[in-house]
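The values are calculated or read from the model by the stated rules, or taken from the named source; none is laboratory data. Since the structure is predicted, the reported quantities are computational estimates derived from the model, not experimental observations. No Cβ is skipped: glycine too gets one built from the backbone with ideal geometry, and neighbour counts run over all protein chains shown. Quick note on the areas: whole protein, heavy atoms, side chains included, nothing else; ligands and nucleic acids left out. Shrake-Rupley method; radii C 1.70, N 1.55, O 1.52, S 1.80 Å.
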Amino acid sequence: MSETSQRQLGESDSPIEDELEEAFNRMVDEGSQRLHRSWREVLVTGFFGGTEVAMGVLAYLTVLHETHNQLLAGLAFSIGFLALLLGRSELFTEGFLVPVTTVAARRASAAQLGKLWSGTLVANLVGGWLIMWLIITAFPKLRAQTIESAQHFVTAPLSLQSMALAVLGGMAITLMTRMQHGTDSVPGKIAAAVAGAFLLAGLQLFHSILDSLLIFGALSTREAPFGYLDWLGWFGYTVVGNVLGGLVLVTLLRLLRSKERLKDERRSATPPPPAE
């Protein structure tokens, strides 16, 4: 019996290890599908991801305008994450755990990861900008609230506090992804989406896509005391913080936990040497 088979038989005695094995396999299989998409598929799924998050922003702004309660508004924003979950769209900051694990398992290349990240990021912003313009046009009563909410982020200077908020934002969204891939239960996945929304929007963590849409909405009013260059300065360090939080504090630790499974995947992905 091979060493791998012996190890798998040994692990079968542990329900926790079996569940981790299933979650790891789900991640690698899903990541392989996502990373092998064409440019057209990447851009379309990313565009829809931006539009769906924007609908969550609409719910967030409406509840905040009516109640002035940040925590309730954060729960309302979960509509956006539920749409992402059930519609199987792509959000840039959800592209850390699953795709990176797939690349580490040698089921896809770093170039494919770069295509997924860059295409999804641009498409998220474009789709989100369009829907935020529609929201501001359709709901003039939300203009003042949108500007107020956006200022909290775009006027924040680069500091230890703002970087910490960005790192926690990246960690929260990647933790949400990890929870959703740790179960086959649809109610469990929904609960993870609500929890992620509460942390990100309810606690006003810095999130490169979600908060950019708030800023785009404020800019669409043409009344905001800031411009696109101010957004770009904030966006630059927020993306870095999100990546650090998602990759270092969640994804890296998950890879270390699955080190033996990664070795098995790499061995199966490496073609045997040619016969002499």
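Overall dimensions of the range 85-127, expressed as equivalent-ellipsoid semi-axes from the Cα gyration tensor (√(5λ), whole Å, largest first), are 19, 13, 7. Comparing Gly196, Leu165, Met176 along the charge dipole axis of the chain, the residue lying farthest to the positive side is Leu165, per the Cβ-charge model.
What is the sum of charges around Ala218, taking Lys and Arg as +1, Asp and Glu as -1, for the other residues whose C-beta is under 11 Å from the C-beta of Ala218? Local net charge: -2.
Using the 1.4 Å probe convention, the accessible area of the range 46-139 works out to 38 Å² per residue with neighbouring protein chains retained. Taking label positions 7 Å along the Cα-Cβ direction at both Leu160 and Val126, the computed distance is 4.1 nm, reported to one decimal. Derived scalar couplings between HN and Hα for the range 190-201 equal 5, 4, 5, 5, 5, 5, x, 5, 4, 5, 6, 7 Hz in order, rounded to whole Hz, by the Karplus curve 6.51 cos²θ - 1.76 cosθ + 1.60 (θ = phi - 60°), x for Gly and Pro. Simple point charges give the picture: +1 on the Cβ of Lys and Arg, -1 on the Cβ of Asp and Glu, and for the chain a dipole about the Cα centre of about 560 debye.
Computed about its Cα centre, the charge dipole of the range 78-176 is approximately 200 debye, with only Lys, Arg, Asp and Glu carrying charge at their Cβ. Our note on the geometry: Cα centres of the range 195-246 and the range 52-117, 13 Å apart. Using the alpha-carbon positions of the range 26-182, Rg (one decimal) and Dmax (whole number) come out as 16.6, 51 Å. Normalised by 2.2 N^0.38 Å, with N the number of residues, the alpha-carbon radius of gyration of the chain equals 1.08. Each label point is 7 Å from the Cα along the Cα-to-Cβ direction; what then is the distance between the points at Val240 and Gln33, in nm? Label at Val240, label at Gln33, 3.6 nm between them. In this simple spin-label approximation, Leu229 and Arg257 carry label points 7 Å from Cα along the Cα→Cβ vector, and these lie 4.5 nm apart. In the chain, the portion of solvent-accessible area held by carbon and sulfur atoms comes to 65 percent [1.4 Å probe, whole percent, DNA, RNA and ligands not counted].
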